[in-house]
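The values are calculated or read from the model by the stated rules, or taken from the named source; none is laboratory data. This one's a predicted model, so the numbers in the text were calculated from it and none came from an experiment. Neighbour counts are summed over all protein chains in view; Cβ atoms, including those assigned to glycine, are modelled from backbone coordinates with ideal geometry. For accessibility, only protein heavy atoms count, side chains too; no ligands or nucleic acids. Shrake-Rupley method; radii C 1.70, N 1.55, O 1.52, S 1.80 Å.
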Amino acid sequence: MSTPAVSLRRPPTFAEVLIRYRTVIILLLLIGIFTVLKDVFILPTNLLNMLKRMSFVAITAFGMTFVITLGGLDLSVGGTAAITGVGFALLLGAGIPAPAALVLCLLISVALGAVNGVIIVKGRIEPFLVTLATMNIFRGAALMATGGRPVPIVSETFITIFGNGSLLGIIPIPVLFTAVFFVVSLLLYKRTKFGFYVRAIGGNLEAARVAGINIPSVKFQTYIINAVFAFFAGLILAALMGSGLPAIAADLTLDAISAVILGGTAIAGGFGNVLGTLGGALIMSTLNSGMSLMGAQYPVQIFVKGVVIIFAVLLENAVRPRD
């Protein structure tokens with residue numbers, strides 16, 4: 001009779017469990033705290049509204065997951081979203097049909113992503129510096145195009161489809177968009193060569209080069225995909241606001257990066273977590289909704305967000321192996 005194999009794997013410690021499931025734990029703690037402080041927080045109407053307001057952050061964060069996993073960064077997504085809303089409103093105002101305006105805005109967003117990709121790849125400049133510059137360029141372009149004033153969107157159909165509509169009168173359409181982008185992102189990350197290449201480049205650039213991966217092409221594609229995600233986020237924002245606002249999405253970049261970090265994607269690159277990013281977006285939305293119900297002013301809200309991000313980074317450093 002053979003002797004059964006003895007497992008040498010020890011059970012995880014409490015600290016390891018805490019770090020591994022930090023996104024879920026933080027989310028549940030926040031929901032519990034806000035529910036105790038304001039019982040209206042847990043009402044279905046508030047939760048659905050919270051998910052609706054989370055949609056544009058989550059979609060942007062899904063794209064940002066690929067960028068950060070690659071070892072890059074994109075600070076310009078807020079500017080891309082602003083140009084999308086402003087551009088669509090201006091095109092409608094000029095008499096261009098909504099479908100054609102959407103296609104033109106999509107092409108503009110692709111071009112903006114391509115600008116980032118070309119400068120980063122061909123200019124060999126750090127993504128932080130490039131996108132810091134394009135963040136201001138894109139935002140400035142939106143402000144110049146409108147004179148700093150909002151541009152009303154005259155299409156009720158657009159506002160219904162991308163903003164205030166709902167499925168069966170219950171589930172907001174932006175929540176459905178979030179679900180679609182989540183599935184697409186998950187499949188792209190886990191089931192395609194592109195997702196594998198992104199992880200490989202972020203994990204070990206030199207090894208990826210030796211393996212024959214076309215690094216410039218993958219980087220270029222990643223920034224274009226990120227801009228397309230920001231384009232859809234901009235459409236949702238414009239629909240929710242009912243106009244193209246040049247100053248909108250000022251916090252979108254911060255919230256998206258925060259969601260990615262809270263979700264467990266490695267800041268240094270090489271490892272991403274699309275499901276974790278969704279959890280991180282839920283955390284950011286919970287913070288926004290809960291603090292608004294508590295009557296917290298904007299300075300307090302961004303202060304608390306900063307504290308949560310520092311906490312998440314400390315947890316990531318704790319879970320990563322030491323050199």
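See the values below:
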| item | result |
| --- | --- |
| Unique match (being of a type outside the set (S, T, N, Q) and closer than 17 Å to Ala239 by Cβ) among Phe88, Phe128 | Phe88 |
| Residue match in the stretch 216-228 (condition: closer than 30 Å to Ile161 by Cβ and among the charged types (D, E, K, R)) | no |
| The stretch 31-55: number of residues that are open to solvent by 80 Å² or more (accessible area, probe 1.4 Å) and in contact with a strand residue (DSSP E or B) (Cβ under 9 Å, 6 or more places away or on another chain) | 0 |
| Verdict on Val77 being closer than 25 Å to Ile261 by Cα, in contact (Cβ under 8 Å) with a residue 40 or more places away in the chain, β-branched (Val, Ile, Thr) and open to solvent by 70 Å² or more (accessible area, probe 1.4 Å) | no |
| Tally of residues being of a type outside the set (Phe, Trp, Tyr) and touching a residue at least 40 places away in the same chain (Cβ under 8 Å) across the stretch 35-54 | 11 |
| The stretch 56-89, residues that are of a type in the set (Ser, Thr, Tyr) and in contact with a strand residue (DSSP E or B) (Cβ under 9 Å, 6 or more places away or on another chain) | Thr84 |
| Total residues in the stretch 92-103, condition touching a residue at least 12 places away in the same chain (Cβ under 8 Å) and farther than 15 Å from Glu156 by Cα | 0 |
| Members of the stretch 172-183 that are touching a residue at least 40 places away in the same chain (Cβ under 8 Å) and in a helix (DSSP H, G or I) | Pro174, Val175, Phe177, Thr178, Phe181, Phe182 |
| Residue ranges of helices (runs of 4 or more DSSP H) in the stretch 220-323 with at least 3 members modelled with pLDDT of 85 or more and under 27 Å from Leu187 (Cβ atoms) | 252-262, 274-293 |
| Subset of the stretch 262-276 that is crowded, with 24+ Cβ neighbours inside 10 Å and either among the aliphatic types (A, V, I, L, M) or touching a strand residue (DSSP E or B) at 6+ places or on another chain (Cβ under 8 Å) (or both) - its residue that is nearest to Arg20 (Cα to Cα) | Leu262 |
| Residues of the stretch 139-166 that turn out to be within 25 Å of Asn49 (Cβ to Cβ), open to solvent by less than 70 Å² (accessible area, probe 1.4 Å) and either among the aliphatic types (A, V, I, L, M) or in contact with a strand residue (DSSP E or B) (Cβ under 8 Å, 6 or more places away or on another chain) (or both), as a count | 4 |
| Selection status of Thr286, buried (at least 24 other Cβ atoms within 10 Å of the Cβ) and over 20 Å from Ala142 (Cβ atoms) | no |
| Those residues of the stretch 120-134 which are open to solvent by 60 Å² or more (accessible area, probe 1.4 Å) and in a helix (DSSP H, G or I), in sequence order | Lys122, Phe128, Leu129, Leu132 |
| Counted residues, the stretch 196-215 - those being open to solvent by less than 40 Å² (accessible area, probe 1.4 Å) and touching a residue at least 12 places away in the same chain (Cβ under 8 Å) | 6 |
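For (1) among the β-branched types (Val, Ile, Thr); (2) in a helix (DSSP H, G or I); (3) open to solvent by less than 20 Å² (accessible area, probe 1.4 Å), each residue gets a yes or a no:
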residue: Ala82; (1), (2), (3): no, yes, yes
residue: Ile96; (1), (2), (3): yes, no, no
residue: Cys105; (1), (2), (3): no, yes, yes
residue: Ala111; (1), (2), (3): no, yes, no
residue: Val118; (1), (2), (3): yes, yes, no
